[in-house]
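Note sheet for the following structure.
Here, each number is a calculation from the coordinates, and none is a lab measurement. Keep in mind that what you see is a predicted model, and the values were worked out from it rather than measured. Glycine also receives a Cβ, built like all others from the backbone with ideal geometry; neighbour counts cover every protein chain displayed.
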Amino acid sequence: MALTEAQRDLRRAHVNGGAGVIVSGLAWLAAGATFLAAGPKPAFVTLFICGLAIAPVAQLVGKFVFKAPPSGPGKKLEWIAIATVPVLLAGFFFGYLRLPAEPHAAIPLVAIGVGLRYLAFPAMYGGAVFAGLGAVFIAAGAAGLAAPESVAAPATLGLALVELAVGTMLARQWRGTA
């Protein structure tokens, strides 16, 4: 089977990746709200807990909200998402290490990990959207590390809004092709 056919199947089964991006955006939104209400440490914990739920919740959203069909031949490409989990966990690990001394640096480090993981998603879905999303997360994470502490909470909320917008766009595109 051709790579493009497998990618097309995966886009069909995963709402162009939009279900996962929307759910991730909601996780970042929860972390941003927690950041504003309680500070960077509880926000980090919120992002970690919500992050654990992204994949299963996205599957449920795809199945029950969007009524997406199950993946067929494209299922072979799903290993890319699994293989890149260590990159994501590394972002959380390095963020966790910075929590005691520089709590405002923790979430930007997670953003870099998320961005690096997104860079692998064009191989799963095709197209450049996920490369762009990865670049945004990496840039926001790097800027968050270099910026004053006061930028961390708005940056977290900004990443949430970016994901919600991109996820909505992907889902709308999927509806047009489904």
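What are the semi-axes of the equivalent ellipsoid for the chain, taken as the square roots of 5 times the Cα gyration tensor eigenvalues, largest first, in whole Å? Display every interim value, and only then the final one.
On the way: eigenvalues 171, 48, 37 Å².
Value: 29, 16, 14 Å, ordered largest first.
Put a dot 7 Å past the Cα of F64, heading toward its Cβ, do the same for A143, and the two dots end up 3.7 nm apart. The P(r) of the stretch 42-84 has a tail past 16 Å containing 54 percent of all C-alpha pairs. By the rule of a C-alpha distance below 28 Å, with chain neighbours fewer than 8 residues away ignored, the lysines paired with K76 are K63, K67.
In the frame of its principal axes, the stretch 1-79 has Cα extents of 50, 23, 14 Å, reported largest first.
Show that you can apply the helix-only estimate: for the chain, add -39,500 (n - 2.57) for every DSSP H stretch of four or more residues, divide by all residues, and state [θ] at 222 nm to the nearest 500. Mind showing how you got there, number by number?
Working: 9 runs with 134 residues, N = 178.
Calculated mean residue ellipticity at 222 nm is -24500 deg cm²/dmol.
Candidate membrane-span-like segments in the chain, meaning DSSP H helices with Cα atoms spread over at least 30 Å of their own axis and a Kyte-Doolittle mean of -0.5 or above, are 152-177, with no membrane implied.
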